[in-house]
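Participant: Following this message is one structure expressed as structure tokens.
The values are calculated or read from the model by the stated rules, or taken from the named source; none is laboratory data. Keep in mind it's a predicted model, so treat the numbers as computed, not measured. Cβ placement follows ideal geometry from the backbone for every residue including glycine, while neighbour counts extend to all protein chains displayed. Remember, those area values only see protein heavy atoms, side chains included, never the ligands or the DNA or RNA. Shrake-Rupley method; radii C 1.70, N 1.55, O 1.52, S 1.80 Å.
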Amino acid sequence: TSAPEAVVSTQSTGSEMLSCSRLLARQGVCTGVRALAKPIQLTSYIHTTHVERDETTASGALVEAAKGMRVIPTRGQAAKEQLYAFIQDLCKQNLGENGARYFPFALGLFSTIGFCNVTNLLPYVEMPTQIIGCTVAMSTTLIAGLTIKCIAKHKLDFASFFFPSGAPVGLAPLLVPVETISFFSRAISLGVRLGANLTAGHMILHIISDFGAQMLASGSVAGGIGGVLCTAALFPICILEMAVAVVQAYVFCMLTTMYLNDAHHLH
């Protein structure tokens with residue numbers, strides 16, 4: 001039997017996004033038992049969006065990542081589908097009906113930041129997310145883009161960000177400066193939160209490892225015991241740092257999708 005082809009219609013805007021294996025099983029495109037283990041031949045359609053095969057675009061990267069997908073998933077495919085479903089749920093929760101539209105962006109953002117954060121844990125490797133200046137530049141670019149998008153969509157209604165509806169007019173001299181600072185501080189807080197958490201973890205690892213090395217170099221029994229304890233403490237701290245790296249990527253992506261929702265609905 002020939003490998004099945006998956007074609008997802010873009011006409012139904014209310015259709016639910018599904019993982020590749022569940023989607024194929026539901027549509028019944030499998031022609032036999034042996035076909036289940038064969039790679040899926042994808043067309044230019046992926047889920048609810050018509051995309052091109054340009055690998056430099058977010059949608060094109062999704063098409064490339066979907067090559068070789070099987071109805072009975074391998075371990076690697078199962079991991080990709082779990083990541084896919086995780087970001088899909090995040091977009092649905094924070095963006096509602098606009099979630100499918102920004103899914104490729106959110107997936108790329110989470111994957112890139114998560115990869116950089118975890119790679120930062122390797123010796124002699126320094127990725128951009130460890131440099132606070134780079135993270136602030138990235139967050140500032142995101143907030144600037146969202147602000148431009150919000151102004152283009154809502155025009156003068158964008159000013160409602162700085163004066164909550166229902167608030168007394170007499171409080172305007174107080175509320176407007178506070179809300180203005182709160183809005184534009186997102187650009188700083190989003191980047192500093194990411195860079196500072198990673199930098200703090202690396203500093204802890206550096207201090208403990210340096211302290212342990214000095215104790216081992218002392219040559220005394222107490223120093224040797226202390227050095228061994230410091231060395232042993234590095235393992236759980238590295239595990240914790242890996243968890244922090246993934247969590248910070250999730251927090252950055254979650255806040256970005258929330259700010260996207262604010263730009264759409266002026267919340």
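Participant: Taking THR119 as the residue in question, decide whether it is buried (at least 20 other Cβ atoms within 10 Å of the Cβ), at pLDDT 85 or above and farther than 21 Å from ASN261 by Cα. Give the derivation first.
Facilitator: Working: buried (at least 20 other Cβ atoms within 10 Å of the Cβ): no; at pLDDT 85 or above: yes; farther than 21 Å from ASN261 by Cα: yes.
Taking the combined requirement at face value, the residue does not satisfy it.
Participant: Here are some residues: THR180, THR147. Which one is in contact (Cβ under 8 Å) with a residue 12 or more places away in the chain, polar (S, T, N, Q), surrounded by 14 or more Cβ atoms within 10 Å (Cβ to Cβ) and in a helix (DSSP H, G or I)?
Facilitator: Working: THR180 fails: surrounded by 14 or more Cβ atoms within 10 Å (Cβ to Cβ).
Every option except THR147 fails the conditions.
Participant: Just checking, how many residues over segment 122-136 are surrounded by 16 or more Cβ atoms within 10 Å (Cβ to Cβ) and without any contact (Cβ under 8 Å) to a residue 60 or more places away in the chain?
Facilitator: Residues in segment 122-136 being surrounded by 16 or more Cβ atoms within 10 Å (Cβ to Cβ) and without any contact (Cβ under 8 Å) to a residue 60 or more places away in the chain: 2 in total.
Participant: Does SER139 satisfy being loosely packed, with under 15 Cβ neighbours inside 10 Å and not aliphatic (A, V, I, L, M)?
Facilitator: When the stated conditions are applied, SER139 does not pass them.
Participant: For segment 185-197, state whether one or more residues are part of a loop (DSSP other than H, G, I, E, B), open to solvent by 30 Å² or more (accessible area, probe 1.4 Å) and either in contact with a Lys or Arg (Cβ under 9 Å, 6 or more places away or on another chain) or closer than 20 Å to ALA263 by Cβ (or both).
Facilitator: Yes - at least one qualifying residue is present in segment 185-197.
Participant: In segment 237-267, how many residues are within 30 Å of LEU122 (Cβ to Cβ) and not polar (S, T, N, Q)? First the steps, then the outcome.
Facilitator: Going through segment 237-267, the residues within 30 Å of LEU122 (Cβ to Cβ) turn out to be 237-257.
With the extra rule that they be not polar (S, T, N, Q), the set shrinks to 237-247, 249-255.
Residues meeting the conditions: 18.
Participant: Out of all the residues in segment 71-83, which are modelled with pLDDT under 85, open to solvent by 30 Å² or more (accessible area, probe 1.4 Å), of a type outside the set (A, V, I, L, M, F, W, C) and in a helix (DSSP H, G or I)?
Facilitator: Initially, segment 71-83 is screened for residues modelled with pLDDT under 85, giving 71-81.
Subset that is open to solvent by 30 Å² or more (accessible area, probe 1.4 Å): 72-76, 78-80.
Add one more test, that the residue is of a type outside the set (A, V, I, L, M, F, W, C), and what stays is 73-76, 80.
Result: ARG75, GLY76, LYS80.
Participant: Also, quick follow-up: Checking PHE235 against (1) part of a helix (DSSP H, G or I); (2) open to solvent by 40 Å² or more (accessible area, probe 1.4 Å); (3) at pLDDT below 85; (4) not acidic (Asp, Glu), which single condition isn't satisfied?
Facilitator: Here PHE235 clears every test but (3).
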